[in-house]
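Asks: Take a look at this one; I'll ask things after.
Since every read-out is calculated from the coordinates, none of them should be taken as a lab result. In this text the structure is predicted, and so the values were computed from the model without any measurement. Reconstructed Cβ throughout: ideal geometry from the backbone, glycine too, with neighbour counts over all protein chains shown.
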Amino acid sequence: MEFRLIYQGPLTAKGSPIEKQEIRRIFHPQLAELWKQSPLLEVAPSYLDAASGTSLVFKLGDFHFVPLITQRLNLVCHLV
């Protein structure tokens, strides 16, 4: 699967937590749309259900995260 996340704006090496959260907010709708596409659509139920045993969802503070790129599934990405 190949996809691109689009972000236009400042990207500093040591951004503040507020800057990082703003980038997450920009990526969120793009990633939500990606999970509605094949092949993620077919695997989403098991990867998003905490009771499934294969869930990728983890909680950090008040947020729930689902990484697309994870060693657990042997997935990689390239940044250009």
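Asks: Restricting attention to segment 41-80, which residues are in a helix (DSSP H, G or I) and out of contact with any helix residue (DSSP H, G or I) (no Cβ under 6 Å at 6 or more places or on another chain)?
Replies: 41, 42, 43, 44, 45, 47, 48, 50, 51, 71, 72, 73
Asks: Among the residues of segment 1-58, count how many are more than 22 Å from residue 80 (Cβ to Cβ) and of a type outside the set (Lys, Arg).
Replies: The number of residues fulfilling the criteria is 26.
Asks: Filter segment 45-54 down to the residues that are among the hydroxyl-bearing types (Ser, Thr, Tyr) and closer than 17 Å to residue 32 by Cβ and list them by number.
Replies: Matches in segment 45-54: 47 only.
Asks: Let me ask something additional. On the given criteria, is residue 31 assigned to a loop (DSSP other than H, G, I, E, B) and either of a type in the set (Gly, Ala, Ser) or under 15 Å from the mean Cα position of the chain (by Cα) (or both)?
Replies: So residue 31 does not fit the description; no.
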